[in-house]
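This report refers to the structure that appears directly beneath it.
The values are calculated or read from the model by the stated rules, or taken from the named source; none is laboratory data. All figures in this text were calculated on a predicted structure; none of them were measured in a lab. Every residue, glycine among them, receives a Cβ derived from its backbone with ideal geometry; neighbour counts consider all protein chains shown. These accessible areas exclude ligands, DNA and RNA; they are computed on the full protein's heavy atoms, side chains included. Shrake-Rupley method; radii C 1.70, N 1.55, O 1.52, S 1.80 Å.
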Amino acid sequence: MYMMFNRVIVWFRNDLRVHDNAPLFNAVQKAKEVIPVYCFDPRNFSKMELGLEKTGNFRAKFLLEAVTDLSQNLRSLNGDLLLLKGKPEERLVDLALQIHADAIFFSEEVTSEEKEVEFKLEQHAWKQGIKTSSYWQSTLFHIQDLPFPIMQTPEVFTQFRKECEKFGKIQKPLPVPKRIPFPKEKFETIELPKLSTFGLKEPVKSTRSVLEFVGGETEGLGRLQAYFWERDQLKNYKETRNGLLGPDYSSKFSPWLAIGCLSPRIIYEEVKRYEKEREKNQSTYWLIFELIWRDYFRFISKKHGNKIFQLTGIKYKVEKYSRNESLFWKWAKGETGIPFIDANMRELNNSGFMSNRGRQNVASFLVNDLGMDWRWGAMYFESMLIDYDVCSNWGNWMYVAGVGNDPKDDRYFNTLRQAKNYDKKGEYIRHWIPELAAIPGFDIHQPFELPPSTLKGYGISLGVTYPHPLVKLKAWI
Ligand SMILES: Cc1cc2nc3c(=O)[nH]c(=O)nc-3n(C[C@H](O)[C@H](O)[C@H](O)COP(=O)(O)OP(=O)(O)OC[C@H]3O[C@@H](n4cnc5c(N)ncnc54)[C@H](O)[C@@H]3O)c2cc1C
């Protein structure tokens, strides 16, 4: 068979899997030899504003596990994974020169920091006569299969979804290569870094966490298998997806999707199989509906570029906002005195995860009740979330902050009403704020409404055992 290349480097980024992996699949088709590489970029482990770590310890641990798993999966295909540390745009080109690779294949990202690295890598490589090929992946709909040019991506989700569903197409996932033609040579590689290499501490395991998230394609596919087939939860998804407690109210695929341990197309294929073999209903469709939200934020980010990181978002609407650090940290630490907000923030801080319902509420509270710059909230999530995805995070924050592409003008979440709808008996609060546990029923959501003598009977004193509310909520039930 004619091979276009002798030796190709496959640079893994947020696509840490061997299934449905376009750069890997194409390299195996086009090259005599394929060298998979992962590069730890110190810039991803630096500090941001407010001293926040760009990658907090939950996500960093998950990433290290995913890289380990990828390397094992590649080995089982006769391949291997070389590890580098440094700026990918420099280190990969150095490696290509050193090992005489003729091309570097990788997947394309959409936001500025990642794009900048890609551009520089392409520039450096081409100057040295090394070719590069980038591949679109990570979305359900391939960019080339969208029924509109990217700059005409509909601003409103419903329109985007309807056009994609009607005129777009979803390609089949690419198969796992049968064998990686990895050369017999010995290559230099670094040892897998430890969390301490990045100045991070081992996260303390919380027994309260919804799930023990372990990074890697094997675990991601395992969760898919468990949620759909063993625990048979897909058929209930639409009814349970707004839950707050336990492993199965939603799929929990997000951490694996975020760094590409799972491809959305493999999930789609499994939904279709489930619909054939078990049941097809509103819930099975709804999981795909949510994956389309994910696509939507990715394409909107590509369309609008850096605007998604700006205060005015994509609406050019300047809001009044505050940057009061002390208020911000009270929110971040879960010390606002509003139990529904605090419980969610404690979940995030202790597990790296928070439900979608929780995210919407804490984001709205920060923006609408505390009047803060929404970007601080987005940055905090960037640091803390185990499933941080640049487009989904900043896109959703813009949406809640009212500077995104939401046709509704007001996205105010009435915290107490939300608490009543989604945690009527207060079980979620009891789970995350045990010091309030003695307060019965819904009252646990509003300790500030109870007389001090009643609270005393429960062993609670506001301002001592639990904070007074930081602000008066804009809306009360
Ligand atoms: C302020 C805010 C910040 C967010 N930040 C992120 C983030 O950094 N990373 C992230 O993956 N999601 C983010 N989301 C979206 C959503 O909350 C999570 O995807 C979801 O809670 C993950 O849990 P799950 O996998 O069980 O979701 P499920 O309900 O099982 O949904 C399945 C998949 O659909 C996608 N999805 C679901 N809801 C959304 C949504 N609103 N936007 C985009 N994709 C969605 C996710 O990939 C998810 O894994 C954010 C939402 C808000 C309101």
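Examine segment 256-265 for a residue that is more than 11 Å from the ligand (Cβ to nearest atom), touching a residue at least 24 places away in the same chain (Cβ under 8 Å) and part of a helix (DSSP H, G or I), and state whether such a residue exists. Give the derivation first.
The first filter runs over segment 256-265 and keeps only residues more than 11 Å from the ligand (Cβ to nearest atom), leaving 260-261, 263, 265.
Then keep just the ones that are touching a residue at least 24 places away in the same chain (Cβ under 8 Å); that gives 260-261, 263, 265.
With the extra rule that they be part of a helix (DSSP H, G or I), the set shrinks to 265.
Yes, the conditions are met somewhere in segment 256-265.
Scan segment 111-126 and give yes if some residue there is open to solvent by less than 30 Å² (accessible area, probe 1.4 Å), in a loop (DSSP other than H, G, I, E, B) and not assigned by TED's automatic domain parsing to the domain that holds I267, otherwise no.
Yes, the conditions are met somewhere in segment 111-126.
So L77 passes all but one of these: (1) assigned to a loop (DSSP other than H, G, I, E, B); (2) open to solvent by less than 30 Å² (accessible area, probe 1.4 Å); (3) closer than 15 Å to Y135 by Cβ. Which condition number does it fail?
L77 satisfies all of (1) assigned to a loop (DSSP other than H, G, I, E, B); (2) open to solvent by less than 30 Å² (accessible area, probe 1.4 Å); (3) closer than 15 Å to Y135 by Cβ except (3).
Every residue in segment 286-342 that is within 15 Å of the ligand (Cβ to nearest atom) and in a loop (DSSP other than H, G, I, E, B), please.
Result: G313, single match.
With respect to A475, is the statement that it is aliphatic (A, V, I, L, M) and touching a Phe, Trp or Tyr at 6+ places or on another chain (Cβ under 6 Å) true?
So A475 fails the test.
Would you confirm whether or not segment 224-233 contains a residue that is within 16 Å of the ligand (Cβ to nearest atom), within 19 Å of the chain's Cα centre (by Cα) and not assigned by TED's automatic domain parsing to the domain that holds L348?
yes
Here are E219, E185, E212, E202: which of them is of a type outside the set (A, V, I, L, M, F, W, C), farther than 27 Å from A60 by Cα and open to solvent by 70 Å² or more (accessible area, probe 1.4 Å)?
After ruling out the rest, the residue left standing is E185.
Looking at segment 264-305, which of its residues are touching a Leu at 6+ places or on another chain (Cβ under 8 Å) and within 21 Å of V110 (Cα to Cα)?
Correct list: P264, R265, L291, I292, R294, D295, F299.
Pick out the one residue from R359, R375, R346 that is out of contact with any strand residue (DSSP E or B) (no Cβ under 9 Å at 6 or more places or on another chain), among the basic types (K, R) and near the ligand (Cβ under 9 Å from one of its atoms). Don't jump to the end; show me each part of the working.
On the way: R375 fails: near the ligand (Cβ under 9 Å from one of its atoms); R346 fails: near the ligand (Cβ under 9 Å from one of its atoms).
Being out of contact with any strand residue (DSSP E or B) (no Cβ under 9 Å at 6 or more places or on another chain), among the basic types (K, R) and near the ligand (Cβ under 9 Å from one of its atoms) holds for just one of R359, R375, R346, which is R359.
Could you please give the count of residues in segment 20-51 that are more than 24 Å from L97 (Cα to Cα) and open to solvent by 10 Å² or more (accessible area, probe 1.4 Å)?
Number of matching residues: 8.
Any residue in segment 384-407 that is β-branched (V, I, T) and within 7 Å of the ligand (Cβ to nearest atom) sitting within a Cβ distance under 9 Å of a residue that is open to solvent by 20 Å² or more (accessible area, probe 1.4 Å) and part of a helix (DSSP H, G or I)? List the pairs, counting only those 6 or more apart or interchain.
V400/R359; V400/Q360; V400/V367; V400/N368
Where in segment 375-477 are there helices (runs of 4 or more DSSP H), lying wholly inside it, with at least 1 residues that are open to solvent by 50 Å² or more (accessible area, probe 1.4 Å) and among the aromatic types (F, W, Y)?
Counting at least 1 such residues, we get 415-422.
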